[in-house]
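S.K.: Below is a structure I'd like to ask you about.
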Amino acid sequence: MQPDQISAADGLPKPRRFVAIAAISAGTALTIIDGGIATVALPTIARDLDVGNSAVVTVVTVYQLILAMALLPFSGLGDRIGLKRMYQYGQLLFTVATLLCFFAKSLPFLLVVRAAQALGAAAALSVSSALIRSIYPAKQLGRGLGINSVVVSSSAALAPTIGGLVLAIAPWPWVFASAVPFAIASLVLGRALPEPQRRDEPFDVLGAVMCAAMIGLVIGGAESAVHGDSPIVSAAIVATGAVIGWFFVKREQGETKPILPIDLLARPVLALSAIGAYTAFIAQMTLLLSTPFRLTHAYGFSAAEVGAAIAPWPLANMVVAPLSGWLSDRYPAGLLGGIGMSVSICALLLLAYMPADPGYFDIAWRMALCGSGFGMFMAPNARLIIGSAPRERAAAAGGLVSTVRLVGQTTGATLVAALLAMGVGAGMTPPLVAAGLALVAGLCSLSRLRPSIRNPPTEETQDVQPASQAR
């Protein structure tokens with residue numbers, strides 16, 4: 001067996017493996033931090049650039065939208081040019097774009113820079129899960145994805161704090177620059193990543209454009225329906241995206257390695273995993289975005305008290321995610337996910353029916369319980385998607401995981417905006433809606449325990465793990 005084949009089957013050797021893990025962790029941290037850190041700086045940016053509050057929100061939405069549009073096309077491109085090369089190019093583009101923030105004197109220029117940042121982040125994020133699969137031995141894949149989940153949750157929790165600290169001592173461009181050290185560290189350490197394996201296959205440019213247009217129009221139209229004042233125009237945008245999507249899916253069915261991984265979604269175990277992840281991320285975002293409004297308006301909490309009350313969620317997630325990832329190397333993801341969603345449903349119902357005058361502890365332990373449940377679900381679910389895909393489709397599976405997460409989070413944010421517009425977003429309705437979505441995720445997870453769904457064909461899993469141990 002050749003050395004590169006050994007590496008592909010058994011991960012990278014130590015200590016190179018640890019350096020590669022550090023590179024992926026730094027890259028993941030910068031994409032998550034940069035996506036959330038700008039929120040804190042929006043009022044300052046609006047004042048300095050002399051634009052309205054509604055206009056400055058596009059600094060965040062443009063980043064999220066471009067990121068969602070580019071993930072799947074970039075994962076397909078990464079298969080062609082090599083995962084390591086795609087990852088490093090993304091980090092370099094992100095770093096250059098971030099430095100350009102210092103020259104932003106107008107909102108349009110800043111939006112162009114944010115779009116470039118999103119493209120760089122998408123290039124790195126689209127192949128990060130596939131790289132994790134190459135870095136770790138197959139028997140430790142769940143552990144690796146659990147560690148990555150910790151990086152995601154802790155970065156998301158730290159982003160507002162970092163943004164506030166930077167704004168206290170420096171102008172707003174430094175808020176974006178605060179992620180540059182992560183990019184530089186990832187670039188330097190990234191030399192230890194698995195060497196790229198190019199495939200001499202043509203890249204489907206038209207398919208990539210259609211994929212990006214489908215996602216961009218559907219998500220953009222849905223958000224405009226909530227924030228805009230023309231439902232007809234919003235419906236037309238969504239309908240256009242749906243029509244493009246219909247033609248795109250029909251076209252992809254004839255491709256051997258489609259950009260939209262419908263070949264993977266045709267397998268019930270992966271389709272159920274994707275649906276479960278999508279509904280779980282909607283549920284998670286619905287609760288996290290609506291809770292500050294409820295605590296502020298219904299219970300009179302201050303901003304600091306709101307932050308302290310929500311903090312147990314990511315803290316619990318940071319503890320449970322690596323544990324569940326480790327367990328997913330030994331027990332079925334369907335079982336772990338079903339347990340996790342059962343815990344989350346109970347916690348969401350407890351959050352919906354809180355006491356009339358709750359104290360900090362009343363909220364904190366419920367949030368910790370809820371975060372634990374979602375942490376128990378996410379890492380095993382991602383492991384099943386990444387680990388069950390054929391090795392040559394690992395980048396597509398990783399792009400699917402990242403896209404489902406981002407689209408689910410965006411859908412959750414749009415749902416909360418709609419509930420707030422209807423006047424029910426600051427009460428018990430959001431946690432009840434989230435509980436219903438968590439129930440769907442839990443049922444999808446438990447459905448994977450059926451032998452006909454749980455055990456894929458041997459030839460599709462023999463390079464991942466023994467068929468008898470398929471989870």
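S.K.: Working carefully through the options 182, 203, find the one that is in a helix (DSSP H, G or I) and modelled with pLDDT of 75 or more. First the steps, then the outcome.
M.R.: On the way: 203 fails: in a helix (DSSP H, G or I).
Residue meeting the stated conditions: 182.
S.K.: Open to solvent by 40 Å² or more (accessible area, probe 1.4 Å), within 22 Å of residue 93 (Cα to Cα), outside any loop (DSSP other than H, G, I, E, B) and modelled with pLDDT of 85 or more: is that true of residue 188 in this structure?
M.R.: Values: open to solvent by 40 Å² or more (accessible area, probe 1.4 Å): yes; within 22 Å of residue 93 (Cα to Cα): yes; outside any loop (DSSP other than H, G, I, E, B): yes; modelled with pLDDT of 85 or more: yes.
When the stated conditions are applied, residue 188 passes them.
S.K.: Check the range 128-137 and report whether any residue there is under 20 Å from residue 91 (Cα atoms) and under 13 Å from the mean Cα position of the chain (by Cα).
M.R.: Step one: list which residues in the range 128-137 are under 20 Å from residue 91 (Cα atoms), which gives 128-135.
Keeping just the survivors that are under 13 Å from the mean Cα position of the chain (by Cα) gives 128-129.
Within the range 128-137, one or more residues are under 20 Å from residue 91 (Cα atoms) and under 13 Å from the mean Cα position of the chain (by Cα).
S.K.: What is the residue count in the range 209-256 for residues that are within 16 Å of residue 411 (Cα to Cα), open to solvent by 60 Å² or more (accessible area, probe 1.4 Å) and of a type in the set (Val, Ile, Thr)?
M.R.: Total meeting the criteria: 0.
S.K.: Which is open to solvent by 10 Å² or more (accessible area, probe 1.4 Å) and closer than 27 Å to residue 134 by Cα, of 378, 422?
M.R.: Working: 422 fails: closer than 27 Å to residue 134 by Cα.
Only one candidate qualifies: 378.
S.K.: While we're looking at this one, here's another question. Quick check, is residue 142 touching a helix residue (DSSP H, G or I) at 6+ places or on another chain (Cβ under 7 Å), buried (at least 20 other Cβ atoms within 10 Å of the Cβ) and not acidic (Asp, Glu)?
M.R.: Values: touching a helix residue (DSSP H, G or I) at 6+ places or on another chain (Cβ under 7 Å): yes; buried (at least 20 other Cβ atoms within 10 Å of the Cβ): yes; not acidic (Asp, Glu): yes.
So residue 142 fits the description; yes.
S.K.: For the range 158-176, which positions are β-branched (Val, Ile, Thr) and buried (at least 22 other Cβ atoms within 10 Å of the Cβ)? Talk me through it step by step, then tell me what you get.
M.R.: So in the range 158-176, the residues β-branched (Val, Ile, Thr) come out as 161-162, 166, 169, 175.
Selection gives 175 alone.
S.K.: While we're looking at this one, here's another question. When you look at residue 155, is it in contact (Cβ under 8 Å) with a residue 60 or more places away in the chain, assigned to a helix (DSSP H, G or I), open to solvent by less than 10 Å² (accessible area, probe 1.4 Å) and not aliphatic (A, V, I, L, M), yes or no?
M.R.: Details: in contact (Cβ under 8 Å) with a residue 60 or more places away in the chain: yes; assigned to a helix (DSSP H, G or I): yes; open to solvent by less than 10 Å² (accessible area, probe 1.4 Å): yes; not aliphatic (A, V, I, L, M): yes.
Against the criterion (in contact (Cβ under 8 Å) with a residue 60 or more places away in the chain, assigned to a helix (DSSP H, G or I), open to solvent by less than 10 Å² (accessible area, probe 1.4 Å) and not aliphatic (A, V, I, L, M)), residue 155 qualifies.
S.K.: Now for a separate question. Can you work out which of the residues in the range 259-312 that are charged (D, E, K, R) and under 26 Å from residue 362 (Cβ atoms) is most open to solvent (accessible area, probe 1.4 Å)?
M.R.: Filtering the range 259-312 down to residues charged (D, E, K, R) leaves 263, 267, 294, 305.
Narrowing further to those that are under 26 Å from residue 362 (Cβ atoms): 294, 305.
Numbers: 294: 25, 305: 91 Å².
Only one residue tops the list, namely 305.
S.K.: State which residue is modelled with the highest pLDDT when the search covers only the range 351-367 and only residues that are open to solvent by 30 Å² or more (accessible area, probe 1.4 Å) and in a helix (DSSP H, G or I).
M.R.: Among those that are open to solvent by 30 Å² or more (accessible area, probe 1.4 Å) and in a helix (DSSP H, G or I), it is 365.
The values are calculated or read from the model by the stated rules, or taken from the named source; none is laboratory data. Bear in mind the structure is a predicted one, so any value in this text is a computation, not a measurement. No Cβ is skipped: glycine too gets one built from the backbone with ideal geometry, and neighbour counts run over all protein chains shown. Ligands, DNA and RNA are stripped out before the accessible areas are found, and what is left, the full protein with its side chains, is counted by its heavy atoms. Shrake-Rupley method; radii C 1.70, N 1.55, O 1.52, S 1.80 Å.
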